[in-house]
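S.K.: The structure's right below; bear with me while I get my questions together.
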Amino acid sequence: MRPARPPFAAPAALGAALLLLPALAAGQVAAIDTIPGALDFGKMWTFEYPPADYITETYGFEATPEWFDRIRLSVLRVPGCSASFVSPHGLVATNHHCIRGRIPSVQRPGESILDDGFYAASLDEERRIPGYFADRLLAVEDVSDEVLAEVDRATTDGARREARARSARRIEERLRERHGTDVTVQIVPLYHGGRYSAYVFRRFTDVRLVAAAELQMGFFGGDPDNFTYPRYALDFAFLRVYDDQGLPFRTDHWLTWSVAGVEEGDAVFVVGNPGPTNRLLTMAQLELSRDVITPAMVRALADRLEAMRAFYRANHAVGEAMDLRNVMFSLSNSLKAYSGRLDALRTAEIMARKRNAERRFLRALAADPRLATRYGGAVDRVAALQADRRALAPMYGASRLLGSPTASSATLRRGLAAAAYLRAREAGVSGDSLAVLRRRITDVEDLPRVLEESLLALRLADFERYLGEAHPVTRRGLDGRTPPTAAGALLATSALATRAAAARAAEEGRLASDPVVVLARELLPLVEEFNRRWGALSDAESELAADLGRARFEVYGMTVPPDATSSPRITDGRVLPYEYNGTVAPVYTTFYGVYDHHHSYGPDSDWALPPRWLPPPQGLDLATPLNFISTADTYGGNSGSPAITPGVEMVGLNFDRNIEGLSRDFIYLPERGRNIMVDVRAITEALDDVYDADRLVEELLTGKLVRTEAEADEGVRE
């Protein structure tokens, strides 16, 4: 349901900011001003309140309801990413890295699809991806009045949480009655719970792999190039959605595949599902993130990643067998993202700009007696909660990634499970409940001994670093030894070092005296107390954040978009260069750069080309644009998002941001940040001249389904 008139009117300051962009392109503005701008909270517009007037006035075409509907029904949400229909026969485009972790599930004996790439030469060869799905947004409804009316009748924080859950269940039932029981309904809090929207999705569960570039092309440049620009990555994959009868899904809404592409200055719209941002946090919350939360995550990720890299270098075959490469990609991506956030939080000008924006907001609240009475003091109460969180900082640092199945010690996780089991048994718990606790000990998968020892040593070092040498947990774990020596000794004497030995120890009743269990029994109460107190603070903070969200919406309406919530958004921007490192980044790169990097860095580097690309295949036009940039406001979760022209032509696939754009977790700065996209012209060129994927090219360019490569070669189409 669409409101009669969205509460959106572009403020004069927003227009002024947009007029500034041509100057930014010329490199006339590069510094960060401490004066808040109209775009600071970004341009992640929602479909329930589409900024039609703003887009029409800014880009010179009429952004009608039909225009928004066509885009909305063409775009999909896939696990962790975004995607879009690019033909009427259910063909879907997304990033290679969005399905990279799923490729092993469709791989057959003797194949190495990650390294060699994949192309289904016929419809019958398209491979279903187990457990995969794609969601299409059928309808969206603002349900704020219904939810908040029930919330306002509650008198305690707990009652308010129950009221939200109760109203959400009622709304879900009503929408399923209206749209069908097979839809997926999500009630999404916006403005941290200051508003609520109901999203109705159709979920497709038969999704098949059609084509994927080689990993070396999809992630060309590897970790060194991640979050950088200029880039040269061919980060694409194609899927196909099938209907309940096992036939390619027929859709009336898809994006036309562009032939012309984009040029400097062109407008683009990026549509997808950006993951949670933190632009509406208070200054006290930002300062806690700067001083405690983000540094601890950066340290934990960096240490674990280095341990994994060292193991992988020395044990390549074992690392491949356990899919360690993908784990390291994920950790590395997170590390760079957190490092970029930390850099933004430590940039004085950004923090001053955020502080001044908060002061403006507080002045607006104080100027309205009704708002001042209802919401005054909420910011101060949030600040008080952050002071309580700071008191928990040592345990926060000591427990980061403690429960991670890939980045933490398996032995210590078994120890914590054993400690919980023994405590329950001593308390008289029996039967199925005790059996469940016991199974958790042996549910933990083994890690290779060398890697396990490194991860356990890192955890012991965390205890020493954050809790201090004199803390009982540290003393118990180290016993006067260095973390590496202590880790080796524990593994040599503990029955929990392997899954099989742990099972025997549990069966024979030898858990209580095990040195790792003794350590875990010291640690477990501390972890539980931390989780209890941190969780209580989070609950209290959430209620205050909801109040501040309501207040912010009353002051600014939709001129300040809500933080991203992994729900569908549309953002706008222009294809513009930017200044960096004393030079200017071009708006797009070409295949020439791919070959230059291959020969400059060498065949054993992150820029090495796969065999099929050497020498350059006949017909490949090296001047074809490969990656391009724009000022669109994207974030994690926008991977795979289509970049669309005003004419609803697809011109690119969003896959990254530059390093300067990592500050977008907290603030949108178009003079610095750029989103990075694979140009559809490069995808077409590669499909045609490198992969010989004629049936796919024909479908993209004509919209007609071609069942086999032979039919495409013969010009026979359905």
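The values are calculated or read from the model by the stated rules, or taken from the named source; none is laboratory data. Note that this is a predicted model, so its numbers are computed, not measured. All Cβ positions, even for glycine, are placed from backbone atoms using ideal geometry, and neighbour counts span all protein chains on display. These area figures cover heavy atoms from the full protein model, side chains too; ligands, DNA and RNA do not enter into them. Shrake-Rupley method; radii C 1.70, N 1.55, O 1.52, S 1.80 Å.
S.K.: Please work out the Kirkwood hydrodynamic radius for the stretch 226-324, using every pair of different C-alpha atoms, and report it in angstroms with one decimal place.
M.R.: Numbers: mean 1/r = 0.0499 Å⁻¹.
Hydrodynamic radius (Kirkwood, Cα only) of the stretch 226-324 equals 20.0 Å.
S.K.: Students often check this: by mean Cβ neighbours within 10 Å, which of 301-307, 165-171 ranks highest, and how do the rest follow? Write out the running numbers ahead of the final one.
M.R.: On the way: 301-307: 19.3, 165-171: 15.6.
Order by mean packing, descending: 301-307, 165-171.
S.K.: Which whole-number percent gives the relative contact order of the chain, counting Cα pairs below 8 Å spaced six or more residues apart? Each step should come with its number before you reach the end.
M.R.: Numbers: 1326 pairs, mean separation 167.0, N = 718.
Result for the chain is 23 percent.
S.K.: Further question on the same structure: Using the Kirkwood radius over Cα pairs, work out the Stokes-Einstein diffusion coefficient for the stretch 160-257 at 20 °C and 1.002 mPa s, in µm²/s as a whole number. Mind dumping the intermediate values first?
M.R.: Values: Rh = 17.7 Å.
In µm²/s, the coefficient is 121.
S.K.: Output the DSSP H helices from the chain with an along-axis C-alpha extent of no less than 27 Å and a mean Kyte-Doolittle hydropathy no less than -0.5.
M.R.: On the way: long enough: 157-179 (33 Å, -2.04); 294-314 (30 Å, 0.03); 324-345 (31 Å, 0.15); 348-367 (28 Å, -0.46); 515-556 (58 Å, 0.05).
Correct list, ordered by number: 294-314, 324-345, 348-367, 515-556.
S.K.: Here is a further query. In sequence order, what are the phi-derived ³J(HN,Hα) couplings for the stretch 38-49 according to the Karplus relation 6.51 cos²θ - 1.76 cosθ + 1.60 with θ = phi - 60°, rounded to whole Hz, with x for glycine and proline?
M.R.: For the stretch 38-49, the Karplus-derived couplings read 5, 9, 4, 8, x, 9, 8, 6, 8, 6, 6, 10 Hz, x marking Gly and Pro.
S.K.: Translational diffusion coefficient of the stretch 348-440 at 25 °C, 0.890 mPa s, Stokes-Einstein with Kirkwood Rh over Cα pairs, in µm²/s as a whole number. Each step should come with its number before you reach the end.
M.R.: Values: Rh = 18.1 Å.
The estimated diffusion coefficient comes to 136 µm²/s.
S.K.: Tell me the label-point distance for the pair D291, A536, using the 7 Å Cα-to-Cβ offset, in nm and rounded to one decimal.
M.R.: In this crude label model, D291 to A536 measures out at 2.2 nm.
S.K.: Just the number, please: carbon plus sulfur as a percent of the accessible area of the stretch 111-212, 1.4 Å probe, no ligands or DNA/RNA counted. Walk me through the numbers before you get to the answer.
M.R.: Details: 2020 of 4440 Å².
On the stretch 111-212, the fraction of accessible area on carbon and sulfur atoms equals 45 percent.
S.K.: I want to check the label-to-label distance for Y556 and Q245. Put each point 7 Å from Cα in the C-beta direction and report it in nm to one decimal.
M.R.: Once both label points are built, they end up 5.0 nm from each other.
S.K.: Moving on to the next point. Given axes a ≥ b ≥ c from the Cα gyration tensor, I'd like to know whether the stretch 466-585 is rounded (a/c under 1.5), prolate (a/b larger than b/c) or oblate.
M.R.: Numbers: a/c = 2.88, a/b = 2.02, b/c = 1.43.
Note, shape of the stretch 466-585 comes out prolate.
S.K.: Given a Förster distance of 60 Å, report the FRET efficiency between S600 and D145 from their Cβ-Cβ distance, rounded to the nearest 0.05.
M.R.: Taking R0 as 60 Å, the efficiency between S600 and D145 is 0.50.
S.K.: Another question, if that's okay. With every protein chain left in place, what is the accessible area per residue of the stretch 296-353 in square angstrom, probe 1.4 Å? Could the numbers behind the result be given before it?
M.R.: Values: 2470 Å² over 58 residues.
Roughly 43 Å² per residue, with all protein chains present.
S.K.: Note down the relative contact order for the stretch 341-470 as a percent, whole number, built from C-alpha pairs under 8 angstrom at least six residues apart.
M.R.: Numbers: 67 pairs, mean separation 34.2, N = 130.
For the stretch 341-470, the relative contact order is 26 percent.
S.K.: Peptides 308-317, 404-413: what's the order by average Cβ count within 10 Å, highest mean first? Can you show the working numbers first?
M.R.: Values: 308-317: 14.7, 404-413: 22.0.
So the peptides 308-317, 404-413, ranked by packing, come out 404-413, 308-317.
S.K.: Quote the charge dipole size of the chain about the Cα centre in Debye, to the nearest 20; the model charges only the Cβ of Lys and Arg (+1) and of Asp and Glu (-1). Provide the component values of the computation, followed by the final result.
M.R.: Details: 84 positive and 98 negative charges, 613 e Å.
So the dipole magnitude of the chain works out to roughly 2940 debye.
S.K.: Taking the Cα centroid of the stretch 328-395 and of the stretch 108-152, what is the distance between the two, rounded to the nearest whole Å?
M.R.: If we compute the Cα centre of each part, the gap is 33 Å.
S.K.: How high is the relative contact order of the stretch 514-649, in percent, with contacts defined as C-alpha pairs under 8 Å that are six or more residues apart? Before the final figure, lay out each step's value.
M.R.: Values: 73 pairs, mean separation 33.8, N = 136.
It comes to 25 percent, rounded to a whole number.
S.K.: Let me ask you something else. Rounded to the nearest 500 deg cm²/dmol, what is the calculated helix-only ellipticity per residue at 222 nm for the chain, with -39500 (n - 2.57) per DSSP H run of length n ≥ 4? Could you put the intermediate results ahead of the total?
M.R.: Numbers: 28 runs with 332 residues, N = 718.
Value at 222 nm, helices only: -14500 deg cm²/dmol.
S.K.: For the stretch 583-610 and the stretch 615-676, what is the separation of their C-alpha centers, rounded to whole Å?
M.R.: Computed from Cα coordinates, the inter-centre distance equals 17 Å.
S.K.: Hey, what's the stretch 376-449 come to in accessible area per residue, 1.4 Å probe, Å²?
M.R.: Numbers: 3290 Å² over 74 residues.
Value returned for the stretch 376-449: 45 Å² of accessible area per residue.
S.K.: Put a dot 7 Å past each Cα toward the Cβ at E111 and V429; how far apart are the dots in nm?
M.R.: Label at V429, label at E111, 4.4 nm between them.
S.K.: E528 to A159: FRET efficiency via 1/(1 + (r/R0)^6), r the Cβ-Cβ distance, R0 25 Å, to the nearest 0.05? Display every interim value, and only then the final one.
M.R.: Details: r = 26 Å, r/R0 = 1.03.
That gives a FRET efficiency of 0.45.
S.K.: Taking 25 °C and 0.890 mPa s as the conditions, I'd like the Stokes-Einstein D for the chain in µm²/s, using the Kirkwood hydrodynamic radius from alpha carbon pairs.
M.R.: Taking Rh from Cα pairs, D becomes 89 µm²/s.
S.K.: Gap in Å between the Cα centre of the stretch 429-504 and the Cα centre of the stretch 251-320?
M.R.: A separation of 31 Å, based on Cα centres.
S.K.: Go through 526-537, 230-241, 392-403 and give me the packing order, highest mean Cβ count within 10 Å leading. Present the calculation step by step, with values, prior to reporting the outcome.
M.R.: Details: 526-537: 14.0, 230-241: 25.2, 392-403: 19.0.
Descending mean neighbour count gives 230-241, 392-403, 526-537.
S.K.: Same structure again: If each residue of separation counts as 0.36 nm, what is the full-extension length gain between D388 and V584 once their alpha-carbon separation is subtracted? Intermediate values should be presented prior to the final figure.
M.R.: Numbers: separation 196, 0.36 × 196 = 70.56 nm, distance 4.54 nm.
Here the segment from D388 to V584 would lengthen by 66.0 nm.
S.K.: Kindly state, to the nearest 0.05, the FRET efficiency for R465 paired with R166, given R0 = 56 Å and r defined as their beta-carbon distance. Provide the component values of the computation, followed by the final result.
M.R.: Details: r = 45 Å, r/R0 = 0.80.
The formula returns an efficiency of 0.80 here.
S.K.: Farthest toward the dipole's positive end in the stretch 355-413, which of A367, A398, G377, given Cβ charges of +1 (Lys, Arg) and -1 (Asp, Glu) about the Cα centre?
M.R.: Farthest towards the positive pole: A367.
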